[in-house]
Amino acid sequence: MTYMLEVRNLRKSFVRGGGLFSDQAKGEPFVAVDGVTFAVGPGETFAIVGESGCGKTTLARLILRLIEADCGVILFEERELLPLRGDALRAQRRQMQMIFQDPFASLNPRMRVGEIVAEPLAIHEPQLSRAQRLARAGEILRRVGLDESALPRFPHEFSGGQRQRIGIARALILRPKLIVADEPVSALDVSVGAQVLRLLQELQREFGLTYLFISHSLPVVAQLATHIAVMRAGQFVEYGPANRILHEPTHTYTRDLLAAVPEIPRPGQL
Amino acid sequence: MDDLLWVRNVTVELPTAAGWVKPVNEVSLRISPGESLGLVGESGSGKTMLSLTLMGLLPLGARVKGEILLNASGVGEASSGVKTGPASQPGKDQNRSLQGLKPIERQGEMSELKLRPPKEEVEARNLVGQSEDEWRRVRGREIAMIFQEPMTSLNPVMRIGRQITEAILAHEPGLAGEALHRRLLTAMEHASLPEPEIRAQQFPHQLSGGLRQRAMIAMALAPRPKLLIADEPTTALDVTVQKQILDLLDHLRRELDLALLFITHDLGVVAKVADRIAVMYAGRIVEEGPVQKVLSSPRHPYTQGLLAASPTLERRKLAPIPGNVPRLTELPSGCAFAPRCSFRRAECEQVVPEFRQAEPDHAARCVLL
């Protein structure tokens with residue numbers, strides 16, 4: 001089987017201390033991602049779950065090449081990602097796009113929705129005219145449940161859920177193969193979060209997307225993950241098919257996380 | 001009635017560019033000593049505005065109608081506004097209760113205040129229309145509040161111990177020396193802050209999110225309030241830390257006979273901490289009842305929708321509620337949930353449904369009942 005994404009022994013450390021107000025000299029480097037290895041097949045949803053500071057967001061940023069890894073290997077469709085530079089990297093990047101947590105912070109408030117959604121086209125398909133770009137933006141907005149009427153408006157005119165749809169439209173306009181979604185519903189209300197989760201499932205089927213889904217919430221992850229990795233202190237403590245992790249966890253940390261979830265009691269349990 | 005707090009028909013109006021809006025609309029609630037009431041709602045439901053009303057922290061220009069009776073035990077159903085201080089003459093209230101706006105106007109009533117018995121004498125009093133001076137006696141001392149993000153509520157350049165001490169001194173200015181230090185340590189121990197002597201010397205940034213929330217709890221509980229309002233206190237925390245804080249609040253409630261108004265959007269959290277639930281939507285309470293009854297047989301379509309949309313550890317087809325929470329400037333004339341409701345009838349769009357009892361202790365604002 002060929003994987004969409006393969007990560008081998010990926011590692012990233014940050015130098016800590018040494019700041020202006022720090023009382024410690026430059027000390028031991030802080031290892032944020034500590035030798036992570038996994039593989040994601042096409043069409044799968046690979047979820048990385050962990051608490052704040054576990055390294056899950058750093059891992060996502062490494063895979064998107066937003067920050068540079070210390071060492072390790074990333075294969076995207078069997079092609080090595082880490083050595084890529086310049087045009088080759090840019091070409092690869094259009095295959096992998098990101099959806100962010102906070103739909104209020106991730107959209108430029110001074111740009112119109114049309115410009116926001118079409119911006120990736122301006123970079124990756126500069127031959128298109130402005131009219132063509134906006135036509136593509138309108139088309140993708142319709143796929144995420146909005147429409148052309150959104151194009152000339154500004155982000156503040158939209159609710160949180162609608163803004164997250166705009167962010168998803170921006171990520172999809174280049175028709176990427178891999179979507180990295182970093183806590184895509186945790187800033188949203190329950191009823192709206194469920195809409196966005198449903199939308200992500202529909203889009204996955206429609207466009208054949210592979211998801212790398214990052215979340216602190218096991219209940220959210222349980223809704224769409226095919227595989228779950230539980231991360232702590234830069235390492236995967238356990239990973240496997242979602243059903244096994246949720247129902248037969250082997251690591252005590254996974255069990256602790258599951259036990260801490262405040263569950264809504266079912267009628268029978270009351 | 002054995003009520004610590006009795007919120008009676010409270011409406012809050014705020015001026016906006018589009019006219020007056022009502023983020024809190026005809027809300028009634030009762031909380032007994034030691035009871036935990038979960039207030040559930042999504043953003044814009046008015047739950048935070050309601051809690052700010054209870055703390056006298058509304059933005060400038062807000063208008064409050066209705067009554068908020070503190071120490072309401074002994075106040076009969078029928079007698080409205082008995083012995084509740086000077087501010088409770090109904091009718092006049094509406095114009096006068098501009099919170100924090102013009103305390104000067106109320107000078108005439110201040111002298112009456114001095115004649116009042118000291119705090120220990122339990123007397124029902126109406127918080128609506130109080131002067132800022134009167135609020136200062138309630139805020140923190142009788143009703144305290146903790147917030148979602150402790151880092152923004154703590155002073156970043158003041159040591160934890162001093163911040164908690166400040167809270168104690170605000171209400172007991174006489175304390176000093178060894179007695180004050182003992183009160184500080186007691187407060188920190190109540191909040192289960194480990195190594196209190198060391199933590200007291202630290203700054204907020206040196207504490208983890210969970211410890212910061214414990215510091216906030218220590219500060220809130222130091223003046224020994226009777227009611228703690230917790231506004232999404234665990235939303236910013238990791239689940240394992242959230243569990244610890246929820247356990248702590250539950251323990252404190254029992255140990256100190258503390259009443260808890262727990263505000264959250266998370267039905268799982270509310271199931272863990274609350275005895276009763278009030279569900280808020282677009283400024284109104286739409287359903288209220290014991291936690292088990294509301295979660296196992298929700299009677300309002302909005303509560304049913306929230307349950308169906310909440311992810312659990314079981315994979316299931318989530319049923320989102322279509323549409324968005326309405327803007328307060330664009331509320332329909334009838335039931336505010338009607339445009340998103342799949343059981344909508346013609347009558348829903350005409351008038352706001354009254355509360356109807358499903359059982360003696362379980363009611364909902366829905367025509368289906």
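The values are calculated or read from the model by the stated rules, or taken from the named source; none is laboratory data. As the structure is a computational prediction, the values presented were derived from the model and not from experiment. Backbone-built Cβ (ideal geometry, glycine too); neighbour counts: all protein chains shown.
Structural remarks
- A:ALA225 vs. criteria more than 14 Å from every other protein chain (Cβ to nearest Cβ) and modelled with pLDDT of 95 or more: no
- Of the set (1) over 30 Å from A:ARG65 (Cβ atoms); (2) within 11 Å of chain B (Cβ to nearest Cβ), all apply to A:ARG153 but (2).
Matching residues to (1) touching a Gly at 6+ places or on another chain (Cβ under 7 Å); (2) modelled with pLDDT of 95 or more:
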| residue | (1), (2) |
| --- | --- |
| A:GLY72 | no, yes |
| A:GLU78 | no, no |
| A:GLY86 | no, no |
| A:SER106 | yes, no |
| A:ARG112 | no, yes |
| A:VAL117 | no, yes |
| A:PRO126 | no, no |
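- Total residues in the stretch A:136-148, condition assigned to a helix (DSSP H, G or I) and at pLDDT below 95: 1
- Of residues in the stretch A:163-192 being of a type in the set (S, T, N, Q) and touching a residue at least 24 places away in the same chain (Cβ under 8 Å), the one nearest to the other protein chains (Cβ to nearest Cβ): A:SER186
- Under the condition of being surrounded by fewer than 21 Cβ atoms within 10 Å (Cβ to Cβ), within 10 Å of another protein chain (Cβ to nearest Cβ), assigned to a helix (DSSP H, G or I) and not polar (S, T, N, Q), the residues counted in the stretch A:243-270 number 9.
- All positions within the stretch B:273-313 that are more than 7 Å from chain A (Cβ to nearest Cβ) and part of a loop (DSSP other than H, G, I, E, B): B:ALA274, B:ASP275, B:ALA282, B:GLY283, B:SER297, B:PRO298, B:ARG299, B:HIS300
- Evaluation of A:LEU212 against (1) touching a strand residue (DSSP E or B) at 6+ places or on another chain (Cβ under 6 Å); (2) within 12 Å of chain B (Cβ to nearest Cβ); (3) crowded, with 20+ Cβ neighbours inside 10 Å (one fails), failing number: (2)
- Residue within the stretch B:14-27 that is among the acidic types (Asp, Glu) and surrounded by 21 or more Cβ atoms within 10 Å (Cβ to Cβ) present: no
- Odd one out for B:VAL270, checked against (1) assigned to a helix (DSSP H, G or I); (2) in contact with a Ser or Thr (Cβ under 6 Å, 6 or more places away or on another chain); (3) farther than 30 Å from B:ALA222 by Cα: (3)
Yes/no per residue for (1) within 28 Å of B:SER310 (Cβ to Cβ); (2) under 12 Å from the mean Cα position of the chain (by Cα):
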{"site": "B:LEU14", "(1), (2)": "no, no"}
{"site": "B:PRO23", "(1), (2)": "yes, no"}
{"site": "B:ILE31", "(1), (2)": "yes, yes"}
{"site": "B:LEU37", "(1), (2)": "yes, yes"}
{"site": "B:LEU57", "(1), (2)": "no, yes"}
{"site": "B:LEU69", "(1), (2)": "no, no"}
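One line per residue, one yes/no per condition, for (1) crowded, with 21+ Cβ neighbours inside 10 Å; (2) more than 28 Å from the chain's Cα centre (by Cα); (3) among the hydrophobic types (A, V, I, L, M, F, W, C):
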{"site": "B:VAL157", "(1), (2), (3)": "no, yes, yes"}
{"site": "B:LEU180", "(1), (2), (3)": "no, yes, yes"}
{"site": "B:SER192", "(1), (2), (3)": "no, no, no"}
{"site": "B:PRO196", "(1), (2), (3)": "no, yes, no"}
{"site": "B:GLN206", "(1), (2), (3)": "no, yes, no"}
{"site": "B:ALA218", "(1), (2), (3)": "yes, no, yes"}
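- Being surrounded by fewer than 23 Cβ atoms within 10 Å (Cβ to Cβ), modelled with pLDDT of 95 or more and within 15 Å of the chain's Cα centre (by Cα) holds for only one residue in A:GLN204, A:GLN235, and it is A:GLN204.
- Residue count for the stretch B:335-366, restricted to those that are part of a loop (DSSP other than H, G, I, E, B) and buried (at least 19 other Cβ atoms within 10 Å of the Cβ): 7
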